[in-house]
Amino acid sequence: MSMRNASISIAISEDGLSAVISDWSAAQEGGALISSSGLNDALRQAGVITPPLVGVLTKINTVLKKGEDPRGITVARGTLPEPAKDAALQPAGDFRMPVFPGDVIGTITPARSAVPGKGVNGTVVKSEGPEKGQEISFAEDCGCHLDTTTLQVRASRYGIIGITRNRIHMRPLIAVPPDAMVAMGSVFARDFKGREVTPLQMESALKAEDITQPLETAVLQAALKNAQKSNAEIPNVPLSRGVQPQSGKDGWFELYIKDERSSIGIEAADGSIDFRARGMIKAVTSGTKLGKLHAPTRGRPGKDVFGKLIPAHDGAVFLLQTGEHVDALEGSEFAAAIEGMVIYKNNSLSVSEVFQTRGDLNMSVGNISLEKGSAHIRGAVLAGFRVSAPRHVRVDDIVENAEIECGGDVEIGAGILMDRTGFIKAGGTISATFAKGARLESGADIIIAHELSNCTVFAAGSVEAVKGRGKIVGGEVHAVKNILANEVGSDLGVLTTIILGTEPQPKDNTRSARRKELNSLIERIDAGLGQRDLRTLLEQTPPEKRPAVASVIKTRIAAQEELRALDEEEKQEKERLLNAPKPRLKVLKTLYPGTSIKAGGLTLCITDPVPYSQIYFDPQAGEIVIASL
């Protein structure tokens with residue numbers, strides 16, 4: 001076998017930045033290792049123009065002497081490209097702490113462009129990324145500015161500096177609400193350079209915000225102590241305050257009769273209830289002075305934290321409404337006209353009567369019938385009892401088979417439990433938690449929180465059952481306006497009747513009979529008197545018969561006028577029906593079978609469950625319509 005020297009082959013990496021040994025053959029029969037010229041020849045053959053790495057020849061021959069594989073050894077390297085470099089702000093302090101107006105917060109190092117590299121074969125290797133680094137930018141109203149000569153950044157406001165995506169921004173530490181009556185700020189023990197914060201610095205911070213009102217020094221010192229103890233930011237510190245305008249004092253009514261008792265009455269010494277004691281009510285005799293009306297005063301202007309004047313309002317004239325049984329005296333004073341209770345509420349002064357119980361309405365109390373005022377039952381109204389009041393009735397507990405009638409609202413704290421022998425009739429709203437087997441009549445609305453069960457109900461306004469379970473089950477519910485409930489009827493098919501609006505009245509047979517009677521009377525009179533003019537007839541009648549004929553003529557005229565009145569009544573009735581409100585039944589959950597709905601003289605029977613529906617009478621279509629909510 002002949003002698004053969006060692007040899008290598010070189011390949012260039014994909015990025016062109018390195019040349020590595022890709023193949024080799026060992027020396028045979030005493031052949032030589034790789035020489036410097038052999039290495040250079042291999043580089044030249046691979047197209048590499050970059051000189052070999054220092055010491056790489058020794059490394060290659062050492063590997064070959066050991067009989068190891070030299071493939072993968074890097075023989076030459078190109079020049080790496082340098083990427084672009086973003087501009088940077090060299091902080092002059094700790095940006096976690098605040099800067100103050102005039103502080104140099106840092107110096108900007110400008111952005112640098114990318115520098116391309118050179119491959120081992122002489123090719124240009126571009127840097128990855130942008131050609132030029134990103135410059136520092138400033139957010140709008142960032143509270144600082146750049147000195148383009150020195151590249152220093154200087155603060156113009158008090159705040160915390162932040163840098164996001166090479167954009168300088170500031171979290172202002174002073175805020176002024178829209179009314180500009182206080183400047184709220186955050187207080188730190190030290191600034192961004194580690195210096196203790198001083199009142200002088202805070203004054204400069206206020207001045208930078210155009211705040212002219214003085215610094216609240218005592219408040220600041222307390223906040224600085226807290227910041228030092230906690231080593232944390234103290235937010236929402238009132239650093240400066242405006243001067244509130246001093247409105248003139250409104251006119252006011254001085255009530256001479258001081259009544260500090262409960263608004264719902266107290267128990268008298270003999271154990272009876274003083275029904276006159278309620279709220280600000282006090283018993284007085286006729287002629288007792290009740291109070292005096294005072295005139296308003298002028299106001300003094302204020303100033304906000306920016307020094308802007310804030311006008312003040314003069315005091316308003318007090319509008320005292322004098323109710324029943326109050327006399328006006330000289331000197332803006334008022335006196336009672338009768339003996340009774342003084343009621344002063346909502347700027348209204350009157351003398352009246354009131355009644356309230358200390359518990360249930362039972363045998364110890366008896367029926368309540370008031371000429372004036374309201375009744376407050378501080379318990380339950382038991383079966384068989386009656387409450388009658390011109391104004392309101394409040395029952396704290398339950399109402400059993402009782403009768404309640406009033407001109408105002410009936411408010412029941414618990415529920416109504418009857419077997420159709422009792423009733424509640426109110427000129428205003430009736431409200432309760434639930435009602436069962438009750439007869440309810442309201443001149444306004446009826447509001448039941450949970451369930452209206454087997455009741456006979458009429459409301460001149462609306463009926464609502466949506467605040468709780470909101471069910472209407474069984475009975476008859478009639479509302480002139482709307483009926484609103486979560487559920488109507490039940491899945492057991494309980495018969496439930498709903499009446500919407502003012503139902504067409506049955507034909508008035510009495511009116512028809514009266515019309516027939518009047519027409520018959522006129523026909524008989526005309527048959528007896530003939531068709532002559534009545535004045536001529538009276539003149540031609542003998543004097544001795546004229547009174548009788550005149551009486552007959554008057555009867556005929558009266559009959560005609562009554563006929564015209566009947567015609568007008570029928571006309572108004574038709575107009576009332578035409579202009580009547582168009583009420584709706586709104587069911588927020590389910591309308592169940594077994595429910596009958598009456599409206600516009602028609603009846604609609606529900607045979608299948610209907611969810612989320614509203615039902616109303618369409619006068620143009622002449623039918624009851626079911627629509628979704």
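Is it the case that segment 294-301 has a residue that's open to solvent by less than 60 Å² (accessible area, probe 1.4 Å) and over 30 Å from residue 240 (Cβ atoms)? Yes, that holds for at least one residue.
Hey, does segment 571-580 have a residue that's at pLDDT below 75 and not in a helix (DSSP H, G or I)? Looking through segment 571-580, at least one residue is at pLDDT below 75 and not in a helix (DSSP H, G or I). Restricting attention to segment 376-391, the residues that are over 18 Å from residue 422 (Cα atoms) and at pLDDT below 90 add up to 3.
Could you check segment 26-37 and list, in sequence order, the residues that are farther than 12 Å from residue 60 by Cα and either open to solvent by 20 Å² or more (accessible area, probe 1.4 Å) or among the aliphatic types (A, V, I, L, M) (or both)? Selection gives 27, 28, 29, 30, 32, 37.
Here's the yes/no breakdown for (1) free of Cβ contacts under 8 Å to residues at least 24 places away in the same chain; (2) in a strand (DSSP E or B):
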site: 537; (1), (2): yes, no
site: 544; (1), (2): yes, no
site: 551; (1), (2): yes, no
site: 563; (1), (2): no, no
site: 588; (1), (2): no, yes
site: 616; (1), (2): no, yes
site: 621; (1), (2): yes, no
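Can you pull out every residue in segment 416-439 that is surrounded by fewer than 19 Cβ atoms within 10 Å (Cβ to Cβ) and assigned to a loop (DSSP other than H, G, I, E, B)? The answer is 419, 420, 421, 427, 437.
Quick grid of which residues meet (1) over 30 Å from residue 400 (Cα atoms); (2) open to solvent by 50 Å² or more (accessible area, probe 1.4 Å); (3) acidic (Asp, Glu); (4) not in a strand (DSSP E or B):
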| position | (1), (2), (3), (4) |
| --- | --- |
| 306 | yes, yes, no, yes |
| 315 | yes, no, no, yes |
| 318 | yes, no, no, yes |
| 335 | yes, no, no, no |
| 342 | yes, no, no, no |
| 350 | yes, no, no, no |
| 358 | no, yes, no, yes |
| 372 | no, yes, no, yes |
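With the structure loaded, tell me whether residue 209 is under 20 Å from residue 97 (Cβ atoms) and among the charged types (D, E, K, R) or whether it fails that test.
Spelling it out, residue 209 is indeed under 20 Å from residue 97 (Cβ atoms) and among the charged types (D, E, K, R).
Looking at segment 38-80 only, could you name the residues that are free of Cβ contacts under 8 Å to residues at least 12 places away in the same chain and either surrounded by 14 or more Cβ atoms within 10 Å (Cβ to Cβ) or among the hydrophobic types (A, V, I, L, M, F, W, C) (or both)?
Of everything in segment 38-80, those that are free of Cβ contacts under 8 Å to residues at least 12 places away in the same chain and either surrounded by 14 or more Cβ atoms within 10 Å (Cβ to Cβ) or among the hydrophobic types (A, V, I, L, M, F, W, C) (or both) turn out to be 41, 54, 63.
Among strands (runs of 3 or more DSSP E) entirely within segment 207-300, having at least 2 residues that are modelled with pLDDT of 95 or more singles out 234-241. Residue 408 meets the stated requirement of being in a loop (DSSP other than H, G, I, E, B), touching a Ser or Thr at 6+ places or on another chain (Cβ under 8 Å) and open to solvent by less than 30 Å² (accessible area, probe 1.4 Å).
Residues in segment 138-184 that are in a loop (DSSP other than H, G, I, E, B) and either aromatic (Phe, Trp, Tyr) or on the phi < 0 side of the Ramachandran plot (or both): 15 in all.
The values are calculated or read from the model by the stated rules, or taken from the named source; none is laboratory data. Worth saying up front: this structure is predicted, and the values here are computed from it rather than measured. Neighbour counts are summed over all protein chains in view; Cβ atoms, including those assigned to glycine, are modelled from backbone coordinates with ideal geometry. All accessible areas refer to the heavy atoms of the entire protein, side chains included, with ligands and DNA or RNA removed. Shrake-Rupley method; radii C 1.70, N 1.55, O 1.52, S 1.80 Å.
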